[in-house]
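Please read the structure below before turning to the comments.
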Amino acid sequence: MAKKTVRDLNLKDKKVLVRVDFNVPLAKDGSITDDTRIVAALPTIEYVIAQGGKAILFSHLGRIKTEEDKATNSMKPVAERLSQLINKPVKFVGVTRGKALEDAIAEMKSGDVLMFENTRFEDLDGNKESKNNDELGKYWASLGDVFVNDAFGTAHRAHASNVGISANIKEAVAGFLLEKEINFIGGALENPKRPFVAILGGAKVSDKIEVIQNLLKIADKVLIGGGMAFTFLKAQGFEVGKSLVELDKVDLAKELLEQANGKIELGFDVVTGKAFDANTETNVRDFDSIPADEMGLDIGPKTVERFKEIISSAQTVVWNGPQGVFEMEKFENGTKQVALALAEIFPNATTIVGGGDSAAAVAKFDLESKFSHISTGGGASLEYLEGKVLPGIAAVHEA
Ligand code: ADP
Ligand code: MG
């Protein structure tokens, strides 16, 4: 199922509606603390400009529940940052509809860039954006000739600004960022080069049940570290001390271990602390000797070796979830070693990172350039890995 992309369109002099994910973190004073998401959309924006299109950009930002939320969630500072990044004026129009917006669009010339206000301002009036109000989708679609969806971070939601527009316009295509997410994550799930290894971790099993279930179906090996490993260890009959464990998920973990038929690898040992504290005393413990007053906060050295060995022969790897509390130096080693092992097999193997904290770990170890793909979507990449159809992607027209 190939999707149409921005490359398939003739953009010259066209009014090109571009849905981006500029939901950037803002400081109290309204300044942008991290512009990664803006930078990630630049290839598509630059392409639209270079092809002579008129780029009409829009995104949601934060949540809009009250009139006051509008002041703290305006797209104006985002438009200013974009203008600096592309070194070109970005005309900001502080509304989401009406004559001022329509006139500004009518005045655009080939290569111009315009951004209108936060799409969620429409949520104040009956959640029109978030409930994919039909009239709103049609109205926004009427503002342009073609639609480019580059907002992967919103793809798990059926909103007016992605799904609504797609349903009401002649051409709805993927931008380069959305295309990359589909090619890497979708590609790994649908047609992975094998061996395909999934590495899972993070805090809780309950956050990721469907990810585990889906990847168990597809992957050749599923390595499980991080906090979620202890529910599986408990299911195998080990005592896990004060480690994070979800007692109501132990039966599920048992079932998964049975279904997995040896595919799941938990390793052999953990690094424990006496407390969840950066300065706590640490020990390395085999699974069968975790004392009652210690908690596992990282995978142990024998586990690291086993995971590295499996990773070394992989052709495709999807990694979601840190292997320990990597935010604390004493418990960062497992996550770091896994990241380094993945950096080692790149670019021979395809290596994909999904999940906000996993991406933050890769950044912490300065290994971002050593991965095939680091997903920009938090919730969206999780739902993609769960095997769900993402409405924002489904709505993009087929090639
Ligand atoms: P992602 O955002 O990549 O999907 P998660 O949000 O699921 O990852 O989990 C990340 C968090 O899991 C990190 O903040 C990390 O400190 C925590 N974590 C990892 N291992 C453990 C552990 N053994 N005990 C407690 N927390 C852990
Ligand atoms: Mg997280």
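Extension gain residue 97-residue 131, at 0.36 nm per residue separation less the Cα-Cα distance, in nm?
Gain in length upon complete extension: 10.5 nm.
Of the DSSP beta bridges with both residues in the chain, give the percent that are antiparallel, rounding to the nearest 5.
The antiparallel fraction comes to roughly 25 percent.
If R₀ is 30 angstrom, what is the calculated FRET efficiency for the pair residue 284 and residue 210, using the beta carbon separation as r and rounding to 0.05?
Efficiency at R0 = 30 Å is approximately 0.40.
When we measure straight from the Cα of residue 14, which lysines land under 23 angstrom away, once same-chain ones fewer than 8 places off are left out?
Partners within reach: 3, 4, 54, 88, 91, 99, 109, 138, 170.
With springs only between Cα atoms under 10 Å apart, run a GNM on the chain and tell me which of 29, 288, 123 wobbles the most.
29
From the residues 283, 268, 367, which one has its Cα farthest along the dipole of the chain in the positive direction, the dipole being from +1 and -1 charges on Cβ of Lys/Arg and Asp/Glu about the Cα centre?
Toward the positive end, the furthest listed residue is 367.
Quick one: with all protein chains in place, what share of the accessible area of the chain is carbon or sulfur, to the nearest percent (1.4 Å probe)?
48 percent
Would you mind telling me the antiparallel percentage of the DSSP bridges in region 154-309, rounded to 5?
Roughly 60 percent of the DSSP beta bridges within region 154-309 come out antiparallel.
With springs only between Cα atoms under 10 Å, which of 192, 89, 301 fluctuates most in a Gaussian network model of the chain?
89
Label points 7 Å out from Cα along the Cβ direction at residue 255 and residue 50: separation in nm?
In this crude spin-label approximation the distance works out to 5.1 nm.
Loop only by DSSP, 12 or fewer other Cβ within 10 Å of the Cβ. Give me the GluC sites (Glu not before Pro) in region 276-318 that pass, ordered by residue number.
Those satisfying the criteria are 281.
Computed FRET efficiency, Cβ-Cβ of residue 293 and residue 247, R0 22 Å: what is it to the nearest 0.05?
Working from the Cβ atoms, E equals 0.75.
In the chain, with Lys and Arg counted as +1 and Asp and Glu as -1 at Cβ, which of these residues, 300, 108, 189, has the Cα nearest the positive end of the dipole, that is, farthest along it?
Towards the positive end, the residue furthest out is 108.
Where does the chain land at 222 nm, in deg cm²/dmol rounded to the nearest 500, when only DSSP H runs of n ≥ 4 count, each adding -39500 (n - 2.57), divided by all residues?
-9500 deg cm²/dmol
Which net charge results for the neighbourhood of residue 11, defined as the other residues with beta-carbon distances under 11 angstrom from its beta-carbon, given Lys and Arg at +1 and Asp and Glu at -1?
Neighbour charge sum, excluding residue 11 itself: +1.
Top mean-square fluctuation among 149, 333, 279, Gaussian network model of the chain, C-alpha springs under 10 Å?
Top of the fluctuation ranking is 279.
Under the definition of Cα pairs under 8 Å and six or more residues apart, what whole-number percent is the relative contact order of the chain?
16 percent
Taking all protein chains together and a probe of 1.4 Å, list 65, 370 from the most accessible to the least accessible.
Heavy-atom accessible area, descending, gives 65, 370.
Using 0.36 nm times the number of residues separating residue 309 and residue 142, minus their current alpha carbon distance, what extension gain do you get?
54.6 nm
Taking a probe of 1.4 Å, how large is the accessible area per residue of region 6-179, in Å²?
Per-residue value: 42 Å².
How large is the dipole of region 192-385 about the Cα centre if only Lys and Arg carry +1 and Asp and Glu carry -1, each at its Cβ, rounded to the nearest 20 debye?
Dipole of region 192-385, to the nearest 20 debye: 560 debye.
Using the Cα centre as the reference, give the magnitude of the dipole from point charges on the C-beta atoms of region 6-179 (Lys, Arg: +1; Asp, Glu: -1; all else neutral), rounded to the nearest 20 debye.
Dipole size: approximately 140 debye.
So, in nm, how far is label residue 217 from label residue 27 when the simple model puts each one 7 Å beyond its Cα toward the Cβ?
Between residue 217 and residue 27, the label points sit 4.6 nm apart.
Where nothing but the Cβ of Lys and Arg (+1) and of Asp and Glu (-1) is charged, how large is the charge dipole of the chain around its Cα centre, in debye to the nearest 20?
Charge dipole, the chain, about its Cα centre: 1060 debye, nearest 20.
Any idea how far apart residue 340 and residue 360 come out in nm if each label point goes 7 Å out from Cα toward Cβ?
That separation, rounded to one decimal, is 2.3 nm.
Note the full-extension length gain between residue 86 and residue 203 as 0.36 nm times their separation in residues minus their Cα-Cα distance, in nm to one decimal.
Result for the pair: 38.3 nm of gain on full extension.
The values are calculated or read from the model by the stated rules, or taken from the named source; none is laboratory data. What you see is a predicted model, and the numbers here were worked out from it, not measured in a lab. In this analysis, Cβ positions are derived from the backbone assuming ideal geometry, glycine residues included, and neighbour counts consider all displayed protein chains. Just so you know, the surface numbers come from the protein's heavy atoms only, side chains and all, with ligands and any DNA or RNA stripped out. Shrake-Rupley method; radii C 1.70, N 1.55, O 1.52, S 1.80 Å.
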